[in-house]
1. Please specify each residue of the range 66-81 satisfying the condition of being surrounded by 11 or more Cβ atoms within 10 Å (Cβ to Cβ) and either touching a Leu at 6+ places or on another chain (Cβ under 8 Å) or of a type in the set (Phe, Trp, Tyr) (or both).
2. Check off (1) in contact with an Asp or Glu (Cβ under 7 Å, 6 or more places away or on another chain); (2) surrounded by 12 or more Cβ atoms within 10 Å (Cβ to Cβ) for HIS94 and give me the number that stays unchecked.
3. Can you report the number of residues in the range 35-62 which are part of a helix (DSSP H, G or I), surrounded by fewer than 18 Cβ atoms within 10 Å (Cβ to Cβ) and either in contact with a Cys (Cβ under 7 Å, 6 or more places away or on another chain) or hydroxyl-bearing (Ser, Thr, Tyr) (or both)?
4. Just checking, how many residues over the range 75-92 are among the polar types (S, T, N, Q) and either more than 14 Å from the chain's Cα centre (by Cα) or under 16 Å from GLU46 (Cα atoms) (or both)?
5. Are there any pairs with C-beta distances below 8 angstrom linking a residue in the range 67-83 that is farther than 14 Å from LEU97 by Cβ to a residue that is basic (Lys, Arg), with the two at least 6 apart or on different chains, and if so which?
Amino acid sequence: MKNLKYIVAMAVLFLGVGLVGLNANAVAISDGSSGALNINTATVEELKMLPYVDGRTAEAIVSFRDAHGPFSSINELENVKGVSRPLLIDLHSHLILKGESTFNPYGSL
């Protein structure tokens with residue numbers, strides 16, 4: 001019985017280490033993106049390229065923009081359903097209000 005507890009404990013430990021490694025790889029992929037996306041001109045498809053932005057959130061951003069006019073600040077995105085403060089913090093470096101979008105989800109290849 002003692003050996004079984006030891007084996008289970010080691011399996012949990014190795015599984016935990018493996019999951020941390022997978023999570024670190026996911027962060028590296030997200031951090032590999034480059035450039036910025038103009039939230040006042042971006043399409044739903046372009047918004048979906050941003051890390052952590054799904055189709056529903058992208059559609060909500062465009063609908064909000066269509067209903068209220070162009071965003072005057074990036075923080076105004078917090079008024080959009082599905083955009084939380086933590087998400088906004090993660091995306092902030094990839095968002096602009098004016099100019100041409102240069103966002104590349106794959107970074108410079």
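Computed from the coordinates by the stated procedures, all read-outs in this text should not be read as laboratory data. Predicted, not measured: the structure shown is a model, and the values here were computed from it. As a convention, Cβ positions derive from the backbone with ideal geometry for all residues, glycine included, and neighbour counts pool all protein chains shown.
1. Matches in the range 66-81: PRO70, PHE71, ILE74, ASN75, LEU77, GLU78.
2. (1)
3. 0
4. Total satisfying the criteria: 2.
5. Filtered contacts from the range 67-83: GLU78/ARG85; GLY82/ARG56.
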